[in-house]
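To keep things clear, I will list the structure first and then write my remarks on it.
The values are calculated or read from the model by the stated rules, or taken from the named source; none is laboratory data. Remember, predicted model here, so these are calculated numbers, not experimental data. Counting neighbours? That spans all protein chains shown, and the Cβs are built from the backbone with ideal geometry, glycine included. With ligands, DNA and RNA removed, areas are computed over all heavy atoms of the protein, side chains included. Shrake-Rupley method; radii C 1.70, N 1.55, O 1.52, S 1.80 Å.
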There are 2 protein chains.
Amino acid sequence: MSFFEYFSRKKNNSASIAKERLQIIVAHERNKLKQPDYLPALQKEIMEVIRKYVDIDMDCVEVHLDNNGNCSVLELNVTLPE
Amino acid sequence: MSFFEYFSRKKNNSASIAKERLQIIVAHERNKLKQPDYLPALQKEIMEVIRKYVDIDMDCVEVHLDNNGNCSVLELNVTLPE
């Protein structure tokens, strides 16, 4: 699955949600399978960077990690405090 | 423009590109206009985190920053060395 297929799978469901949100997507498209996947480690460090700018409640972070063929996608969805 | 509209605008053009790639997208959907936008500062720090894991040539990084209504989207496209 390519980056673009991943993103185009998304449904437009944001109209019903008025909260302030931050979404971080890191997609790694590899040309060889079985390379080490560093996205889980990256996730923690990216969250630390973002916490310098906004006050994030870790209970309000949804994490998804998808591996599909040669494409790994890390998705972080953060609902920000009002 | 919501996150999902942004992503669904993407065309599937990856079939022609066999290189190893990394794509980072940070989307901030605000509930008020005129809040400070910290995405440009975040960009530099996220690149520094990623450089701990992969050797990135900064000439191979494309940066796009979109502001549209209450949604700011930072997109980093990195072609990784072979």
* Asked: In Å², nearest 100, what accessible area do chains B and A bury in total when the solvent probe is 1.4 Å?
  -> 3600 Å²
* Please give the solvent-accessible surface of B:TYR53 in Å², to the nearest 10, using a probe radius of 1.4 Å with every protein chain present. => 70 Å²
* Asked: Taking a 1.4 Å probe, which of A:MET58, B:MET47 shows the most accessible area, and what order do the others take after it?
  -> A:MET58, B:MET47
* Asked: B:LYS19: which aspartates and glutamates have alpha carbons under 13 Å from its alpha carbon, excluding same-chain residues fewer than 8 sequence positions away?
  -> A:GLU29, B:GLU82
* Residues in region B:39-53 that, when all protein chains are in place, have 50 Å² or more less accessible area than the chain alone would give (probe 1.4 Å) -> B:LEU42, B:GLU45, B:VAL49, B:TYR53
* To do: Can you check what the net charge comes to around A:CYS60, using other residues whose Cβ is under 10 Å from the Cβ of A:CYS60 (Lys, Arg +1; Asp, Glu -1)?
  => -1
